[in-house]
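So the structure is just underneath, and the comments pick up after that.
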Amino acid sequence: MDPGTILALAAAVGGVGLLTSLRVLFEYERGVIFRLGKLTRAKGPGLIFLVPFGIERMRKMDLRIVALDIAPQDTITKDNVSVRVNAVVYFRVADPTRAVVEIEDYYFATSQLAQTTLRSVIGQSELDELLAERDRINEVVRSIIDQGTDQWGIEVTGVEIKDIDLPQEMKRAMAKQAEAERERRAKVISAQGEYQASTKLAAAAEIIQQFPGAMQLRYLQTVVEIAAENNSTTLFPIPIELFSSFVAEGKPASEDARARALEASTASMIAALPESAAKATLASAAREIIGAARTPGRERDPGATDAEE
């Protein structure tokens, strides 16, 4: 055979072998290399070279995080409540060589381990813990799965319980409990409000008792507010004690003097009111009271003093 032909054939075979020996791996990929069936090492990323003609073979592994959806699991909690729980597991290949050599299908194995672990942890927890301490349950499940998959070169980064489905009877019972709790809080808040209001009213009564004029001012303010409404007839009961602060200190020399002082103070109060039908009614009632004061029901004892009366 011509030597040139042999060289050309050898060059062609070498070129084909060289082209088939080159591999390009992305940043998130690693190639596990086997030489004649024996594990050598993991290569990548970038351009790598393999010994051609089947001497070296490569198994490509993806190092990105995988989101594994766990199918809904029917289980019973520690306090004998049937629940259906589903979750999602996040894991990644941390050691490509162990993920290839130690286990046949790491994805399926991780899925089965996650399901059994979730059922076991839920069975050891009460319903209130499952609902209120979900973060702690997630961490416990993640830790157990991570320990089980560590020998496979798998790292579990997180576990999240997505949904907890309760029976309808349990949902109604929890709704009643929540409603009763809200009613209890409302009653407690209402009682606290009444207590605080009574404290403020007691303090206001003490202040008004020290300053009798405050009662007249408050009464006049109430009259003004009532007169602003569109009322046809308004009756005002006026106790005589309201006019005592308008009388000068010391008792009048006679009943007529006391009545005149009362009439003057009443006129000043009525004059301060706005013009309305209520003002006329109040003036008429005041006149009736003053007339009654001028004609007392009993005669005064000439020998009795003002203090005795």
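None of the figures in this text is laboratory data; all of them are computed from the coordinates on show. Just so you know, these numbers come straight off a predicted model, no measurement behind them. Virtual Cβ from ideal backbone geometry, glycine too; neighbours counted across all protein chains shown.
By the beta-carbon count within 10 Å of each Cβ, the least crowded to most crowded order of Thr20, Thr75, fewest first, is Thr20, Thr75. Fewest-first ordering of Arg30, Arg98 by other beta carbons within 10 Å of each residue's beta carbon gives Arg98, Arg30.
What is the stretch 98-238's relative contact order, in percent, from Cα pairs under 8 angstrom and six or more apart in sequence? Worked out over the stretch 98-238, it gives 19 percent. Taking every C-alpha pair closer than 8 Å and separated by at least 6 residues, the mean separation divided by the residue count of the stretch 66-170 gives a relative contact order of 40 percent.
Could you list Thr97, Thr5 so that the one with the fewest beta carbons within 10 Å of its beta carbon is first and the one with the most is last?
Working: Thr97 18, Thr5 9.
Fewest-to-most Cβ neighbours within 10 Å comes out as Thr5, Thr97.
Near Val66, the amide H atoms lying under 5 Å from its own belong to Phe91, Arg92; only residues 5 or more places off or on other chains count, and H is placed 1.01 Å from N. Using the Cβ of Gln151 as centre and a radius below 13 Å, the other residues enclosed give a net charge of -4, where K and R count +1 and D and E count -1. Dividing the mean sequence gap of close Cα pairs (under 8 Å, 6+ apart) by how many residues the stretch 1-131 holds gives a relative contact order of 20 percent. Rounded to the nearest 0.05, the FRET efficiency derived from the C-beta distance between Asn86 and Lys200 at R0 = 45 Å is 0.25. Approximating the spin labels as points 7 Å out from Cα along Cα→Cβ, the Thr222-to-Gln168 distance works out to 5.7 nm. Here the label points at Val188 and Glu139, each 7 Å from Cα along the C-beta direction, are separated by 2.8 nm in the simple model.
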